[in-house]
Ligand SMILES: *Cc1c(COP(=O)(O)O)cnc(C)c1O
């Protein structure tokens, strides 16, 4: 590299192609349609500078510009989640199903999100997604969708309890992650928290004593990212429902019905049947959908929430509604598939990949592994899984390769856990591992 260009003879400099000539390269024309002309021009300028510096030959300017351009205009890169954490917050939690991706694609242009095409007049926003949600949870009288689980709680607290009291157990004052604490969130709405019981034990009588004219609702929060064991007790929704005030249940992870793999995880249907007035949940946890907050329950309460001015600030866009509906009505989402995956096929996939890569000289072994739900669901539950075990030095090049693969380090090895990797991605995974040796 020679920044002054002094070492490059003027003849070479004269052979560096002009910008408009380089921009006529078909690959760069296509890139301009995808990424915008300015971005492509700037890549060409950088490539020309490299040629002036003597770092690349003049006839490689177009190739260099092409190599400097990203795949898409968005900065987010698709990665393969081989961490063994099904809902990895840093990897965007639930991956969308093919049906949901297609629905997002279709809704991206003008769409009838808020218009009845037959009558030509305004219609309820997202009515088909809401209908799908109600069909999935028949016990709910009505449904509403907001930006995320936290927004669902904020809306419920603001619309139902501002200036009044929310009765909540001291064992359910949860931090959901990254410093966000539900009690702080609730108090920020102007509601007062009336704490009852102790960290490990709260009885129905504790709630009954606290409920009075100031009570807006009783809140049950699922401790979705920790476990308290030993001398413990918690009141059930069925015990609290007769207290005469609404019981709001934040189930967290968004199971709409009980799941055989996670018998301890609360679900919307069961909570509503037990007498919950309102259930809140996240759409991008175990439901496997887009980021959103679900509110399910009594029609009068949902009506109050959805008409509150704050509802407008928390409303979701058409893309979210499209993805949510497709998640609810389409084939099982990847998260649901990963949760239900049997250990034996996972083991066979790991062995096949290990044999394939071993034949290429890679130190790859198939090993048993333990996956987790993560993302604030099923704390303490491990799911039997299988992984490809590689030397630890693979971790960084795998993360930074053309198809980034995120694994986890364990006992000096880099493990690529297959439970959250769709089987259709096995070839891409193998290719990414092979590419590490090539670089
Ligand atoms: C995850 C979670 C939340 C927050 O939901 P977001 O969708 O992340 O805003 C709230 N409560 C519980 C119990 C959770 O598990």
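If you go through region 232-243 and keep only what is within 16 Å of the ligand (Cβ to nearest atom) and outside any helix (DSSP H, G or I), you end up with just 234. Please go through region 335-365 and give me each residue that is touching a strand residue (DSSP E or B) at 6+ places or on another chain (Cβ under 6 Å) and free of Cβ contacts under 8 Å to residues at least 60 places away in the same chain, ordered by number. Selection gives 343, 347, 351, 354, 363, 365. Against the numbered list (1) within 15 Å of the ligand (Cβ to nearest atom); (2) surrounded by fewer than 18 Cβ atoms within 10 Å (Cβ to Cβ), residue 274 comes up short only at (1). In region 373-390, the residues that are closer than 19 Å to residue 409 by Cβ and not assigned by TED's automatic domain parsing to the domain that holds residue 253 reach residues that are part of a loop (DSSP other than H, G, I, E, B) and within 16 Å of the ligand (Cβ to nearest atom) with C-beta atoms within less than 7 angstrom, at least six apart or across chains, in these pairs: 374/86; 374/87; 374/88. Of the residues making up region 366-416, those that are in a loop (DSSP other than H, G, I, E, B) and away from the ligand (no atom under 16 Å from the Cβ) are 382, 401, 402, 403, 404, 407, 411, 412.
Applying the selection to region 281-299, what residues are surrounded by fewer than 24 Cβ atoms within 10 Å (Cβ to Cβ) and within 11 Å of the ligand (Cβ to nearest atom)?
Selection gives 291 alone.
Among the candidates 93, 77, the residue that is more than 13 Å from the chain's Cα centre (by Cα) and either outside any helix (DSSP H, G or I) or not assigned by TED's automatic domain parsing to the domain that holds residue 407 (or both) is uniquely 77. The set of residues in region 374-385 that are crowded, with 16+ Cβ neighbours inside 10 Å and more than 11 Å from residue 261 (Cα to Cα) comprises 374, 375, 376, 377, 379, 385.
Entry remark, region 244-253: residues being within 14 Å of the ligand (Cβ to nearest atom) and in contact (Cβ under 8 Å) with a residue 60 or more places away in the chain number 4 in total.
The values are calculated or read from the model by the stated rules, or taken from the named source; none is laboratory data. Quick caveat: nothing in here was measured; it's all calculated off a predicted structure. All Cβ positions, glycine included, derive from the backbone under ideal geometry; neighbour counts span all protein chains shown.
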